[in-house]
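*Asks:* One structure, as structure tokens, below. Some questions next.
Each value in this text was obtained by applying a stated rule to the coordinates, not by laboratory testing. Just so we're clear, the structure is a prediction, and the values are computed from it rather than from any experiment. For neighbour counting, all protein chains shown are included, and Cβ atoms are generated from backbone atoms with ideal geometry for every residue, glycine included.
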Amino acid sequence: MKDSINKNNYTYNEISRQQDIWVKVLESLGNEKTEFLEILKKYRDRKWIFTGCGTSYYLAQTGSYLFGLLTGIETSSLPSSEIIMFHKDIIKNDAQYLLVPISRSGTSTEVVKAVQTIKAHFDDIPILSVSCDSNSAMVKESGYKVTFPFEKEQSVVMTGSFTTMLLSIVYVASLLGNNEAINSNIKNIAHASKEHMQKYESYIKKIAQNPEISQFVFLGQGPFYGIANESALKIQEMSLSAANSYHALEYRHGPMSTASENTLITIFNSENGDSYEKELINNLKNLGVKILYLRRNSISDFTDDSIYVVDTLTNYSDTFNPFIYMPLMHLLGYYKAVSKNLDSDKPKNLSAVVTF
Ligand code: F1P
């Protein structure tokens with residue numbers, strides 16, 4: 001599938017290599033299993049607040065959701081700036097919380113300041129950093145860490161780092177339940193995701209090349225809300241296109257007034273969402289928009305030739321489909337940029353780390 005443009009593009013290479021990295025990262029995290037389990041057991045009665053900026057904030061949204069689902073631990077997610085500015089309103093009693101700052105670089109200003117703010121104002125909030133850089137300022141300020149060997153991403157836009165850090169969170173969470181099905185899905189997810197990405201790459205490329213599409217909307221509920229937000233950010237960063245994201249049914253309450261025949265609406269199927277999504281799709285079709293439906297293959301009895309459909313090759317639950325859906329959204333952003341003659345390695349007005 002690689003053509004010469006792709007081969008020389010950091011972003012494309014980092015999208016393509018992501019599943020291979022997951023395998024190595026899981027191996028490395030496996031060596032720290034006992035330490036992770038100790039942290040989980042010690043702090044399981046606290047509320048774990050996941051935080052980050054940009055992509056890492058959207059990762060906090062999906063990561064906290066899945067972490068809560070797998071462990072039963074109470075979780076929430078916040079942009080790091082909220083912690084800097086509103087920590088006094090957020091933290092009621094410090095002994096009841098644990099902070100999980102997330103950052104590819106570990107140096108984004110707000111996430112580092114959020115960690116410092118928590119340390120300065122509260123005596124008893126443990127910090128468990130998640131990062132692709134174990135030597136970063138954020139990690140050094142934290143008592144605990146989830147880090148792994150990671151060949152630094154050269155691109156400004158975060159792609160493989162998002163899914164890799166998400167998988168590290170799911171892995172750590174899985175240790176508490178030690179559920180056989182979950183453990184086996186963790187082992188298989190890299191292979192399944194790669195196969196899926198390769199199968200659908202040309203399909204996604206074709207959609208991205210449709211010149212009629214200039215506005216993007218991403219709809220997801222539950223763990224897919226963070227995935228919808230991250231997908232919108234990828235399209236904005238890479239292809240400089242207008243993009244928004246919502247909880248799926250929220251789109252009907254106002255935002256759909258902006259829909260047109262130039263809008264592509266991507267819907268991320270969830271186990272709890274099936275019946276609502278079918279109705280939503282029928283509703284949206286009346287607006288004349290284009291629709292891309294990423295869905296579990298177990299509901300493929302619902303056929304509709306007037307929309308784009310991607311069926312998963314495997315029957316994963318909502319915990320694992322983020323790893324199946326997200327790489328395709330990376331490719332959508334990448335190929336939309338290519339079709340607009342933009343270099344996704346050099347996004348406008350952006351740098352790999354935002355500091356101020
Ligand atoms: C987060 C971030 C990205 C964004 C941009 C700059 O960095 O804001 O979300 O896409 O490339 O960096 P980090 O804190 O995860 O390193």
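*Asks:* Can you compute the charge dipole magnitude of the range 67-200 about its Cα centre, using +1 on each Lys and Arg Cβ and -1 on each Asp and Glu Cβ, nothing else charged? Give it in debye, rounded to the nearest 20.
*Replies:* Working: 11 positive and 13 negative charges, 60 e Å.
In total the dipole reaches around 280 debye.
*Asks:* Once amide H atoms are placed 1.01 Å from N in the peptide plane, what residues at a sequence separation of 5 or more from residue 245, or on another chain, have their amide H within under 5 Å of its amide H?
*Replies:* 218
*Asks:* Ranked highest first by average number of other Cβ atoms within 10 Å, how do 177-188, 17-28 line up?
*Replies:* On the way: 177-188: 13.1, 17-28: 17.8.
Highest-to-lowest ranking by the protection proxy: 17-28, 177-188.
*Asks:* So, one more: Taking other Cβ within 10 Å of each residue's Cβ, how do 141, 237, 35 sort, fewest first?
*Replies:* Numbers: 141 18, 237 24, 35 13.
Arranged by neighbour count, lowest to highest, 141, 237, 35 become 35, 141, 237.
*Asks:* Taking Cα pairs under 8 Å and at least six residues apart, what relative contact order does the range 240-322 come out at, in percent?
*Replies:* Working: 81 pairs, mean separation 22.3, N = 83.
RCO, the range 240-322: 27 percent.
*Asks:* Roughly how tilted is helix 18-30, in degrees to the nearest 10 and between 0 and 90, from the longest Cα axis of the chain?
*Replies:* Tilt relative to the chain: about 20 degrees.
*Asks:* Using the Karplus curve 6.51 cos²θ - 1.76 cosθ + 1.60 with θ = phi - 60°, work out ³J(HN,Hα) for each residue of the range 154-166 in order, rounded to whole Hz, and write x for Gly and Pro.
*Replies:* For the range 154-166, the Karplus curve yields 7, 7, 5, 6, 7, 10, x, 5, 5, 5, 5, 5, 5 Hz.
*Asks:* Still on this structure: With a ≥ b ≥ c the root eigenvalues of the C-alpha gyration tensor of the range 241-350, is it rounded (a/c under 1.5), prolate (a/b larger than b/c) or oblate?
*Replies:* Details: a/c = 1.86, a/b = 1.25, b/c = 1.49.
It is oblate, given that a/c is not under 1.5 and a/b is not larger than b/c.
*Asks:* Non-local amide H neighbours of residue 98 (under 5 Å, H modeled in plane, Pro and chain starts lacking H): which ones?
*Replies:* 47, 48, 49
*Asks:* Among all the lysines, which ones have a C-alpha under 16 Å from residue 206's C-alpha, if same-chain residues fewer than 8 places away are not counted?
*Replies:* Hits, sequence-local ones excluded: 2, 290, 336, 340.
*Asks:* Can you compute 3J(HN,Hα) from phi for each residue in the range 177-185, using the Karplus curve 6.51 cos²θ - 1.76 cosθ + 1.60 with θ = phi - 60°, rounded to whole Hz and x for Gly and Pro?
*Replies:* Karplus values, whole Hz, x for Gly and Pro: x, 6, 8, 4, 5, 5, 4, 6, 5.
*Asks:* Mind ordering 243-254, 45-56 by average Cβ neighbours within 10 Å, highest first? Please list the in-between numbers first.
*Replies:* Numbers: 243-254: 17.8, 45-56: 22.8.
Ranked from most to least packed, the peptides come out as 45-56, 243-254.
*Asks:* Sum -39500 (n - 2.57) across every DSSP H segment of at least 4 residues in the chain, then divide by the residue count to get the 222 nm mean residue ellipticity, nearest 500.
*Replies:* Numbers: 13 runs with 174 residues, N = 356.
Taking each H run of at least 4 residues, the total per residue is -15500 deg cm²/dmol.
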